[in-house]
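Written out below as structure tokens is the structure these notes cover.
The values are calculated or read from the model by the stated rules, or taken from the named source; none is laboratory data. Since we're looking at a predicted model, the values are computed, not measured. Ideal geometry is used to build each Cβ from the backbone, glycine not excepted, and the neighbour counts take in all protein chains shown.
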Amino acid sequence: MKKLLNASLAAVMASTLATAQADEVKIGMITTLSGGGSHLGVDVRDGFMLAMEQAGRDDIEVLVQDDARKPDVAKSLANEFIQREDVDILTGIIWSNLAMAVVPSAVRQGPFYISPNAGPSDLAGRLCHNKYFNVAWQNNNLHEAMGAYMKQADVKKPFILAPNYPAGTDALDGFKSRFQGELANEVYTQLGQTDYAAELAQIRASDADSVFFFLPGGMGIAFMKQYAGAGIDLPVYGPAFSFDEIILGAVGDAAVGVKNTSQWAYDLDNPTNNAFVASFREKYGRTPTLYASQGFDTANLILSALDVAHPDDEEAFQAALEAANFESTRGDFRFGPNHHPIQDIYVREVVDQGNGPTNQLVGVAVEDLQDSFVDQCSL
């Protein structure tokens, strides 16, 4: 009888342990923490971890790895997270070429992928997946909005340029789809390029009345410094990716007067955003960028879904993600049928308020923007 009781107790303990382990959630974050553009990954990570810290949950483990902006490294890390760590959720990738190397295979293997940044057109359209969500934007969105804004502002003939990789081609396609006017030129640079002498010579020789560029991270810093040094006197426009607070600190006064589009601004006035900006500044000693807000929102979306279901219950967890029942730094937040946001895109202007250049909210460029690839998605 004693042996029977011991066996029964062991079975109950084993069952209890299995239930507890099943309730635990592992999140694998693959992001860029070294090399060019690392501040994007650092801000996504810091925003994400701030939300996790504020939630105070002890049933979630976040594993963070650096992809060094290399597709093969990102793919290897994803396989390790899936096969060795048995993660429930993947997140963190900044660059679209890395996302294309990781996401399609990863979601087929089991975990959900929640993007805090990269939103290549294929993942919004023909390669959309029920386990893939993007909390930031589809790559074209901020560029579409600037195309619309510049058209409204009666810009006649912009010179446009971007790096030759998925987000770069999406950027210029998005811009052209809304601008729908004559271009002085359309140029693709190398990803990671830092010398823009040839492109600046082309701008100077053109009959452009303005410049629109998408050059994220260190590429944008290099271009704006060289643009200012070249003495070209044309107004500059771009997406927030080229004019975040870190980039502005490096570029300095050369960026003052530039207008840029973003789905978020640190001076966007709503209770969630005000609290986020204050808490981020207190914890990290700097003003958050849009990347930090995206990391914060991504974490809070995940947390809201985990309040409803565990990722093992795939249908329930997917439905909870689709409901997007969380307080976003952007205010209103909702997903379209392809799991990409439908949201307002704002215009910001770089100003100097006495403490160096910073972004100031100007107004709305496009309301309730839905990406143009949703009809290609079979969800």
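Assorted remarks:
- Number of the condition not met by G119 [criteria: (1) crowded, with 21+ Cβ neighbours inside 10 Å; (2) over 17 Å from the mean Cα position of the chain (by Cα); (3) not in a helix (DSSP H, G or I)]: (2)
- Among residues of segment 246-261, those that are among the small types (G, A, S) and in contact (Cβ under 8 Å) with a residue 40 or more places away in the chain, counted: 4
- For segment 290-317, the candidate set comprises residues that are among the polar types (S, T, N, Q) and either surrounded by fewer than 16 Cβ atoms within 10 Å (Cβ to Cβ) or touching a strand residue (DSSP E or B) at 6+ places or on another chain (Cβ under 8 Å) (or both); within that set, the residue that is nearest to Q263 (Cα to Cα) is T298.
- Hits in segment 64-85 (condition: more than 19 Å from the chain's Cα centre (by Cα) and within 12 Å of I27 (Cβ to Cβ)): F81, E85
- The set of residues in segment 290-324 being in contact (Cβ under 8 Å) with a residue 40 or more places away in the chain and either part of a loop (DSSP other than H, G, I, E, B) or not assigned by TED's automatic domain parsing to the domain that holds S115 (or both) consists of H310, P311, D312.
- Close pairs (6 angstrom Cβ cut-off, 6 or more residues apart or separate chains): under 25 Å from S96 (Cβ atoms) in segment 217-235, not in a helix (DSSP H, G or I) anywhere: G217/G36; G217/G37; G218/G36; A222/T194; F223/Y196; F223/L215; Q226/Y196
- Just one of the listed residues (G229, G257) is more than 22 Å from L40 (Cα to Cα), under 26 Å from the mean Cα position of the chain (by Cα) and not aromatic (F, W, Y), and it is G257.
- Within segment 59-81, residues that are more than 16 Å from A118 (Cβ to Cβ) sit with their Cβ atoms under 7 Å from residues that are assigned to a helix (DSSP H, G or I) and of a type in the set (K, R), at 6+ positions apart or across chains, in these pairs: V64/R45.
- From the options T287, T272, residue that is assigned by TED's automatic domain parsing to the domain that holds F112, in contact (Cβ under 8 Å) with a residue 40 or more places away in the chain, part of a loop (DSSP other than H, G, I, E, B) and among the hydroxyl-bearing types (S, T, Y): T287
- Of all residues in segment 325-373, those satisfying the criterion of being of a type in the set (S, T, Y) and either more than 19 Å from the chain's Cα centre (by Cα) or in a strand (DSSP E or B) (or both) are S328, Y346, T358.
- The set of residues in segment 229-253 that are closer than 21 Å to A184 by Cβ, small (G, A, S) and surrounded by 16 or more Cβ atoms within 10 Å (Cβ to Cβ) comprises G238, S242.
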